[in-house]
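The values are calculated or read from the model by the stated rules, or taken from the named source; none is laboratory data. Please read these numbers as outputs of a predicted model, since none were measured by experiment. Cβ placement follows ideal geometry from the backbone for every residue including glycine, while neighbour counts extend to all protein chains displayed.
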């Protein structure tokens, strides 16, 4: 126990399965093998198919610039649970999401999510309130509302169309490390890579969001705390619809599976037992590309807050 709490000591992770938290100790620290997936500008780009939106007139940001939080007030920002703000400097730029700490942009787009967490389509009355919210933002910024490109009734129809897609993008992508292992060794590999326990599975939280980017579970022995027993398959799984960068996620997942093989042997396969394509180490697989294309063909984008709810 002499070095367990030092910066160079083994990583300690809580096991919250019992009445009291206990500590699981990794035999080595290898989390650097899975660096976090860096957010790209396009990950926060406006997605017309997912929102009902209104542009407000261009502004002339103050010098020195003020943040949107200062101009709109913290309480307003906290109330915008399903409304997002997107900004840009010129017509040639991308609409990128802006938050309270961002300086006031020249151009501003106010957008409401068309598919809420409830999973129920929005009614015309629900969307009618959006114009009042956008108007309040315009007034605080001393700008005017621009004519909207669609009515609340049309947006409600698009909301219903999105709701009808629920479950259509639930595809998963999996890699498997197959062999003969002990559950304790599998658990140690997960801990060494910095994965977090989620009951009898592990999750890697390497991108923006509160859900794991990919998960790991054992078969037939589940990876519960202090588990002992044989594991013949270690499954690495993610849902392309839920991550902003599916190819990069696959690249990280393959790296994790390869680490398991180096530590405990075994062979990497796809879920059906076939060999993964050569490009998998670069995050390339025709099956993954097809899953992503199904999403983008619907006018959506993997990882978007609205798109994730359609899984």
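Just checking, how many residues over region 112-140 are touching a helix residue (DSSP H, G or I) at 6+ places or on another chain (Cβ under 8 Å), within 21 Å of residue 310 (Cα to Cα) and either free of Cβ contacts under 8 Å to residues at least 60 places away in the same chain or surrounded by 15 or more Cβ atoms within 10 Å (Cβ to Cβ) (or both)?
Result for region 112-140: 11.
Being farther than 30 Å from residue 39 by Cβ and crowded, with 17+ Cβ neighbours inside 10 Å narrows it down to one of 186, 216, so name that one.
One residue alone meets the criteria, 186.
I'm trying to understand the selection: among the residues of region 152-186, which are under 24 Å from the mean Cα position of the chain (by Cα) and assigned to a helix (DSSP H, G or I)?
The answer is 158, 159, 160, 161, 162, 163.
Can residue 299 be described as in contact with a helix residue (DSSP H, G or I) (Cβ under 8 Å, 6 or more places away or on another chain), outside the structural domain of residue 122 (by TED's automatic domain parsing) and on the phi > 0 side of the Ramachandran plot?
So residue 299 passes the test.
Can residue 250 be described as at pLDDT below 95 and part of a helix (DSSP H, G or I)?
The answer is no for residue 250.
Condition check: assigned by TED's automatic domain parsing to the domain that holds residue 300, buried (at least 17 other Cβ atoms within 10 Å of the Cβ) and touching a strand residue (DSSP E or B) at 6+ places or on another chain (Cβ under 8 Å). Does residue 26 satisfy that?
Spelling it out, residue 26 is indeed assigned by TED's automatic domain parsing to the domain that holds residue 300, buried (at least 17 other Cβ atoms within 10 Å of the Cβ) and touching a strand residue (DSSP E or B) at 6+ places or on another chain (Cβ under 8 Å).
Can you name every one of the strands (runs of 3 or more DSSP E) wholly within region 201-241 that holds 3 or more residues which are without any contact (Cβ under 8 Å) to a residue 40 or more places away in the chain? Outline the logic, then answer.
Working: elements: 201-204, 214-220, 230-238.
The strands (runs of 3 or more DSSP E) meeting that bar are 201-204, 214-220.
Identify all residues within region 142-166 that are over 20 Å from residue 300 (Cβ atoms) and in contact with a strand residue (DSSP E or B) (Cβ under 7 Å, 6 or more places away or on another chain); write none if there are none.
As a first pass, look at region 142-166 and keep what is over 20 Å from residue 300 (Cβ atoms): 142-148, 151-153.
Passing the criteria: 143, 144, 145, 146, 148.
Which is in contact with a strand residue (DSSP E or B) (Cβ under 9 Å, 6 or more places away or on another chain) and assigned to a loop (DSSP other than H, G, I, E, B), of 299, 273?
273
Restricting the search to region 259-272, which residues are touching a residue at least 12 places away in the same chain (Cβ under 8 Å) and surrounded by fewer than 21 Cβ atoms within 10 Å (Cβ to Cβ)?
Within region 259-272, the first condition is being touching a residue at least 12 places away in the same chain (Cβ under 8 Å), and the residues that meet it are 259-261, 263-271.
Within region 259-272, 259, 261, 263, 264, 265, 267, 268, 269, 270, 271 qualify.
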